[in-house]
Amino acid sequence: MPKETIHAKGVEIGIYTDDFKNEFISLTDIARYQNVDDPRFVIRNWMRGRDTIEFLGVWEELHNPSFKRAEFGTFKEQAGAHRFVISPEKWINKTGAIGIINKRGRHNGGTYAHSDIAMSFATWISPEFQLYIMKDYRRLKSDENSRLSLNWNLNREISKINYRVHTDAILKNTP
């Protein structure tokens, strides 16, 4: 499980992927921008909002064929009310959500979300902070693309050299 880090306004934000396709960004790290002592409170507060629940539901409907729409409907009805409280664990367990995950552990533990969702969360915290996150995230992606491009070019050159060696050996040993 590769882990990368981006930086925004002095906050270190962890990123990881299981499948090299979907990247999950630490909501816990992003929430520390607003509340260093208890970032879980910030995440739960964000999840209480009706707009947030609707956004999460639409994201899941687009990406998760196993999403439990009936349970989502219940949350959608309750969202925004003062008595409505939801945690990432409850959202995941009740709806079968895949866009938000909880990781256990001392160093890499916390709540992570797909990059689409994490950017929405960051905007809720602070549009300025979200722009700093996006800037460093794009830098990270650009660096990754450069490394991949370099590997591709290196493999291409090695293949070209091997082809020449192979064809030269055949020509030399053909009567």
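All of the numbers you see were taken from the coordinates with simple rules; none came from a lab. Here the structure is a predicted model, which means the values were calculated and not measured. All Cβ positions, even for glycine, are placed from backbone atoms using ideal geometry, and neighbour counts span all protein chains on display.
By the rule of a C-alpha distance below 20 Å, with chain neighbours fewer than 8 residues away ignored, no aspartates and glutamates are paired with Lys172. Charges were assigned to the Cβ only: +1 to each Lys and Arg, -1 to each Asp and Glu. The resulting dipole of the chain about its Cα centre is roughly 220 debye. Explain nothing, just the number: dipole magnitude of segment 1-94 about its Cα centre with +1 on each Lys and Arg Cβ and -1 on each Asp and Glu Cβ, in debye rounded to the nearest 20. Taking the Cα centre of segment 1-94 as origin, the dipole is about 380 debye. Could you tell me how far the Cα centroid of segment 61-90 sits from the Cα centroid of segment 108-134, in Å? Using only Cα atoms to place each centre, the spacing works out to 20 Å. Could you pull out every one of the aspartates and glutamates with an alpha carbon less than 19 Å from that of Lys90, ignoring same-chain neighbours closer than 8 positions? Cross-link targets: Asp38, Asp51, Glu54, Glu60, Glu61, Glu71, Glu77. Every helix of 4 or more DSSP H residues in the chain counts as -39500 (n - 2.57), and over all residues that averages to -19500 deg cm²/dmol at 222 nm. Treat the chain as a sphere of radius equal to its Kirkwood radius over Cα pairs and apply Stokes-Einstein at 37 °C in a medium of 0.692 mPa s; give the translational diffusion coefficient in µm²/s, rounded to a whole number. Answer, rounded: 177 µm²/s. Mean separation of Cα pairs under 8 Å and 6 or more residues apart, divided by the residue count, gives the chain a relative contact order of 21 percent. Model label sites at Lys141 and Phe84, defined 7 Å from Cα along the beta-carbon direction, differ in position by 3.0 nm.
Mean projected area of the convex hull spanned by the Cα atoms of segment 12-108, taken over all viewing directions: 6.8 nm². With each label point set 7 Å from Cα along the Cα-Cβ vector, what nm distance links Glu61 and Met134? Placing both labels 7 Å along Cα→Cβ, they lie 2.5 nm apart.
Computed from the Cβ-Cβ distance with R0 of 22 Å, the FRET efficiency linking Arg40 to Ile92 stands at 0.95.
In the structure shown, the pairs Lys21/Lys141; Lys76/Lys135; Lys3/Lys103 are assessed against 22 Å; a Cα-Cα span above that value is assigned to Lys76/Lys135. When exposed loop sites are taken as trypsin sites (Lys or Arg not before Pro) in a DSSP loop with at most 10 other Cβ atoms within 10 Å, the longest stretch of the chain clear of them is 107-175.
Taking 7 Å steps out from each Cα toward its Cβ at Lys9 and Asn108 produces label points 2.8 nm apart.
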